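Below you'll find the structure, written out as structure tokens, and then a few comments.
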Amino acid sequence: MSATWTAVLVASVGCYLLKLAGLSVPASWVEQPWVARVVDFVPAALLAALVVVQGLTSGDDVVVDGRLAGLAVAALALAMRAPFILVLVLAGAAGALVHVLTG
Amino acid sequence: MPDPARARTLRDAVGLGLAVGLYGVAFGAAADAAGLDVWQALVLSAVMFTGASQFALVGVLGAGGSALAAVGSALLLGTRNTVYGVRLVPLLRPRGPLRRAGTAHWVIDETTALSLAAPDRALAGLAFWVGGATLYLTWNATTVVGALGAAALGGTARAALDAVVPAAFLALLWPRLGRGFPEPAVQRRVALGGAVVALALTPFVPPGVQVVAAVVAVALAGRPRRAVTS
């Protein structure tokens with residue numbers, strides 16, 4: 001089995017077990033103040049990391065290209081409360097435009 | 001007798017399920033851009049079924065990251081569903097192992113928000129199951145559309161897709177930084193910290209590891225309840 005399939009299956013089962021744990025363990029295990037605190041803030045740290053890794057890096061290098069233009073346009077659209085799908089279409093259009101202009 | 005509360009709950013559940021479900025197109029496309037095939041994308045939507053973790057897994061793999069880093073980032077993002085489950089138990093009261101196992105599969109951001117917003121316990125259950133079913137079906141169907149659609153794209157459209165993937169992560173992050181979430185200023189500080197850590201580590205660690213390492217930025221949130229304002 002390929003590494004990709006292994007990652008897909010292991011992470012899928014793991015994420016399901018995390019859901020099941022919430023319905024199965026005593027509430028007091030999860031509702032510790034420190035646990036709640038960490039869980040509340042993990043998505044902000046990881047999603048922000050993914051934004052910069054997907055938008056500004058290629059392998060070990062920091063790269064500026066059409067993806068940064070897409071991010072800037074997306075931030076503007078999100079600030080104007082555009083629906084998600086429109087945000088993505090505008091970001092894609094910005095990326096394509098930079099690609100065409102810079103050859 | 002007409003029941004406006006029930007009608008409103010149903011409308012909200014179906015509306016949110018459809019709106020968020022359409023976002024599966026972006027996931028399918030991101031999975032294809034990361035080199036996954038349509039079956040792998042579909043298994044993620046059908047079995048993992050938690051958007052941020054799915055995007056994280058394909059994002060790390062697409063950046064050239066190891067399977068371990070990809071699984072790690074998906075699991076870290078999946079921990080919040082454990083907390084949602086704890087909050088849902090008193091509302092849904094799933095009885096027996098089978099019922100609990102079935103309910104668990106649909107414990108995600110949207111179904112939790114719908115259930116907690118419902119006016120009573122019966123409607124909370126309705127919101128969970130109707131919202132969950134609508135979202136599950138739409139999300140899986142649009143995942144296939146996105147994966148097959150992206151696979152047919154040429155050069156310029158590929159560049160467009162490359163710009164869509166980081167924007168998708170920004171769109172997932174954005175609501176957490178605004179007024180709808182508790183402590184938005186602290187969320188913004190943690191997000192900035194995560195971004196700085198990831199960017200600073202990029203030249204030095206294998207691809208994907210910087211995403212998992214960014215979790216250290218959670219320390220910037222400070223102590224429970226007594227948030228430190230810097």
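The values are calculated or read from the model by the stated rules, or taken from the named source; none is laboratory data. The shown structure was predicted, so the numbers you read here are calculated from the model rather than taken from an experiment. Cβ sites come from the backbone with ideal geometry, for glycine too, and all protein chains shown count toward neighbours.
Taking first residues from region B:177-203 that are more than 7 Å from chain A (Cβ to nearest Cβ) and farther than 25 Å from residue A:60 by Cβ and partners that are outside any helix (DSSP H, G or I) and hydroxyl-bearing (Ser, Thr, Tyr), the Cβ contacts under 8 Å between residues at least 6 apart in sequence or on separate chains come to B:185/B:229; B:189/B:230.
Could you list all residues from region A:40-94 that are acidic (Asp, Glu) and either facing chain B (nearest Cβ under 7 Å) or not in a helix (DSSP H, G or I) (or both)?
A:60, A:61, A:65
Applying the criterion of being touching an Asp or Glu at 6+ places or on another chain (Cβ under 9 Å) and at the interface with another protein chain (Cβ under 9 Å from one of its Cβ atoms) to the residues of region B:42-57, the residue that is surrounded by the fewest Cβ atoms within 10 Å (Cβ to Cβ) is B:52.
This table checks each residue for (1) assigned by TED's automatic domain parsing to the domain that holds residue B:37; (2) part of a loop (DSSP other than H, G, I, E, B); (3) among the β-branched types (Val, Ile, Thr).
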{"position": "B:127", "(1), (2), (3)": "yes, no, no"}
{"position": "B:131", "(1), (2), (3)": "yes, no, no"}
{"position": "B:134", "(1), (2), (3)": "yes, no, yes"}
{"position": "B:138", "(1), (2), (3)": "yes, no, yes"}
{"position": "B:146", "(1), (2), (3)": "yes, no, no"}
{"position": "B:156", "(1), (2), (3)": "yes, no, yes"}
{"position": "B:172", "(1), (2), (3)": "no, no, no"}
{"position": "B:188", "(1), (2), (3)": "no, no, no"}
{"position": "B:204", "(1), (2), (3)": "no, yes, no"}
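Residues that are closer than 21 Å to residue B:71 by Cβ and more than 7 Å from every other protein chain (Cβ to nearest Cβ) were ranked within region A:6-34; the one that is surrounded by the fewest Cβ atoms within 10 Å (Cβ to Cβ) is A:13. The single condition among (1) buried (at least 21 other Cβ atoms within 10 Å of the Cβ); (2) outside any helix (DSSP H, G or I) that residue B:64 does not satisfy is (1). Would you call residue B:145 farther than 14 Å from residue A:92 by Cβ, in contact (Cβ under 8 Å) with a residue 40 or more places away in the chain and within 21 Å of the chain's Cα centre (by Cα)? Against the criterion (farther than 14 Å from residue A:92 by Cβ, in contact (Cβ under 8 Å) with a residue 40 or more places away in the chain and within 21 Å of the chain's Cα centre (by Cα)), residue B:145 qualifies.
Give B:141, B:133, B:157, B:147 a once-over and let me know the one that is surrounded by 15 or more Cβ atoms within 10 Å (Cβ to Cβ) and within 8 Å of chain A (Cβ to nearest Cβ). Matching residue, one of B:141, B:133, B:157, B:147: B:157.
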